[in-house]
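Everything below concerns the one structure shown next.
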Amino acid sequence: MPMAKTRQGQIMVALAITGAWLISSVSGVCAADAFKMGVIDPQTVLEKSKAGKKALDGLKEYVSTRQKLLSRDEEDLRNTEKTLKESVSKLSEGEKKEKEAQFRTKIQEYQKRAQEFNQELQGKQKELVDDYMKRIATATQTVAEKGGFSIVVDKGSEQTIKIVIYSKDTIDLTDQVIKEFDRVNSK
């Protein structure tokens, strides 16, 4: 509970600062200048852009390959366990203990590989997201400057923090950012 309250407090402070900044920005705008605000969904840009899809497909392929290796190791463990159970009555006490120790070692090695895989995957995901967020920010800046937008806000999503509760479709720049992102990142 304390962590949730702290997170809510952080969000409230961020919203208050953003609101204060918006008010000060709007009051500083000349009457002739129009204040335009837009929103984007970076997750949608990543998922629907050509370069984003390609990167996500590469990550899925990496996960699939590693998962196959882990599944093979898991199957090997099952076979070893089955063989051990079948032959336990035929083994001497010393041989049984040795086989059980070997089996435990294999399990520990498997768990270590699975943990390393998860750490690698988290690292690759973070690297991908960090790289693409920079690229998305650049594409967003280009679209915002061309369209005369003073500020563009991340809409957020159900998987992340939902920042924008409501916005008109007319200020959603996601599709324009996808087009700009694809234009700049097509290879």
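Every number here is computed from the coordinates shown, using simple stated rules; none is lab data. Predicted, not measured: the structure shown is a model, and the values here were computed from it. Note: ideal-geometry Cβ built from the backbone for every residue, glycine included; neighbour counts use all protein chains shown.
Counting other Cβ atoms within 10 Å, which GluC sites (Glu not before Pro) in region 125-169 have at most 13 and lie in a DSSP loop? All intermediate terms of the calculation are to be shown ahead of the outcome.
Numbers: sites: E127, E145, E158; in loops: E158.
Those that pass, being in a loop and sparsely packed, are E158.
Between K36 and E74, what is the spin-label point distance in nm, taking each point 7 Å from the Cα along the Cα→C-beta axis?
Each label point is offset 7 Å from its Cα along the Cβ direction, giving 5.1 nm.
Quick one: V152, V88, V63, fewest Cβ neighbours within 10 Å first, how do they rank?
Starting with the residue having the fewest Cβ neighbours, the order is V88, V63, V152.
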